[in-house]
1. Taking chain A as a Gaussian network, where each spring joins two C-alpha atoms under 10 Å apart, which residue of A:245, A:68, A:237 fluctuates the most?
2. Mind running the shape call on segment B:42-167? Use the C-alpha gyration tensor, a ≥ b ≥ c as the square roots of the eigenvalues: rounded below 1.5 for a/c, prolate if a/b tops b/c, oblate otherwise.
3. Which lysines have a Cα lying under 16 Å from the Cα of residue A:29, excluding residues fewer than 8 positions away in the same chain?
4. Would segment A:159-238 count as rounded, prolate or oblate if I go by the C-alpha gyration tensor, calling it rounded below 1.5 in a/c and otherwise prolate when a/b exceeds b/c, oblate otherwise?
5. Over all distinct alpha-carbon pairs, what is the Kirkwood Rh of segment A:13-152 in angstrom?
6. When the Kirkwood radius is taken over all Cα pairs of segment A:48-99, what Stokes-Einstein diffusion coefficient follows at 37 °C and 0.692 mPa s, in µm²/s?
7. So what is the accessible area of segment A:61-212 per residue, in Å², with the probe set to 1.4 Å?
8. How would segment B:19-71 be classified by its alpha-carbon gyration tensor: rounded, prolate or oblate, with rounded meaning a/c under 1.5 and the a/b versus b/c comparison settling the rest?
Amino acid sequence: MIPSPFDYVRVQSVDEAVAALTEHGEDAKLLAGGHSLLPIMKLRLAVPTVLIDIGGIRDLSYVRVEGDEVAIGAGTRHHELEGDAVAAAEVPILPYVAGQVGDPQVRHRGTLGGTVAHSDPASDLPTALLALGGTVVVQGPDGRREIPITEFWLGFFETALQADELIVEVRVPRTGSAGWAYEKFTRRANDWPIVAVAAVEGRVALANMAGSVVRATATEEALARGASIEEAAALADQDTSPGADMHADQEYRRHLARLLTRRALERASGGAAATAA
Amino acid sequence: MQVSITVNGQPRTDEVEPRLLLAHYLREVRGLTATNIGCDTTSCGACTVVVDGLTVKSCTVLAVQTDGGQVTTLEGLAGPDGELHPVQRAFREEHGLQCGFCTPGMVMAAIGVLADNPDPSDREVREGLEGNLCRCTGYHNIVRAVQAAAKAGPAAGQVPQAQEVQA
């Protein structure tokens, strides 16, 4: 399978990327690792006329502590996040979940900014980020702006990002040793989740239960008013709209959401050490 | 557009279409056909090569993305005198293959596994090779081969330096 023809522009800085996006408009797509974009281009589901390659902007690759938050550059590749010592100490759910993305070859190429921008409801890292909360920092012709993570994903392949903006950083609160868990149900080792659940400090996010990754609001409210894990997890599929495909119908996905939420909350309440084992 | 890519130590500049995938560049432009194209969907790993020190699936990388980079394929592993790379030798000795179609990608992926972890357990080998499918399901001997290669030491996780494989 071969993508349809396009013009290729390589940029060396964020400013150059914004200028190229402004020049080429909605027909342009950003290319970082390419592991979300190239497969859909090969299937001709996406037919951009210009690809702007930001994969060479290496100063977008970092993980650092800034006050109460951890700032992660959008160009950080999954394998870099997976092995990052700062992330492991400050926000350990992220390196763990980065290691659940695809397989080693995919993790060598895929970037945090790419998976956030792609807005696939079955994506691993966005699910963890949604449970963490925080901010997506984007840059456009008028400079930088910050978008709360809870407002970033609008639907299937749809985000709050404008056509002339790119993601430069994701900021999440430092969680340290607080309990967390990520429960992922797949058919095969390196597949997308049929359903996945991320839990951090009473916040719960679901993968593949709606058009985008979503918070399990009813579960979170139940936990906040002191309900048991079992009671709270039984509400995990409330207000969701899971799809049906050859792997799972809607009712099975709802069952998985409730089951995996219970497991995630149990593991998270057992502390990070138990979860990471 | 023009790309300059060093493949197995041999630098070359070629005129390519931006949409040319690295797998096709290696096979059709450079004539290196050990890199197999299996599924073409980033699933099977048969097209695995090493780009700038990391394993990738060359069916999901554009040739233009590796402009200025170093690519190692299966053809670049053996020494100039034909001496096999430790992973190649282990795959032969442990019979880590059946039909052989997945073997070039498996060998490259195995080098990546050993680069990250010079002494992997059975489970760590299986997790490290999760991106590579053997349609004969000959995994048992493949895992044994990777563990046998680990006994060769750090060389098993390295691809030859460019100058060493110059013809």
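The values are calculated or read from the model by the stated rules, or taken from the named source; none is laboratory data. All values reported here derive from a predicted model rather than from experimental measurement. With ideal geometry, Cβ positions are generated from the backbone for all residues, glycine too; neighbour counts draw on all protein chains shown. Heavy atoms of the whole protein, side chains included, go into the accessibility calculation; ligands, DNA and RNA do not. Shrake-Rupley method; radii C 1.70, N 1.55, O 1.52, S 1.80 Å.
1. Greatest mean-square fluctuation among the candidates belongs to A:245.
2. oblate
3. Output for residue A:29: A:42.
4. Judged from the Cα gyration tensor, segment A:159-238 comes out prolate (a/c at least 1.5, a/b above b/c).
5. 15.7
6. 276
7. The answer is 32 Å² per residue.
8. Rounded.
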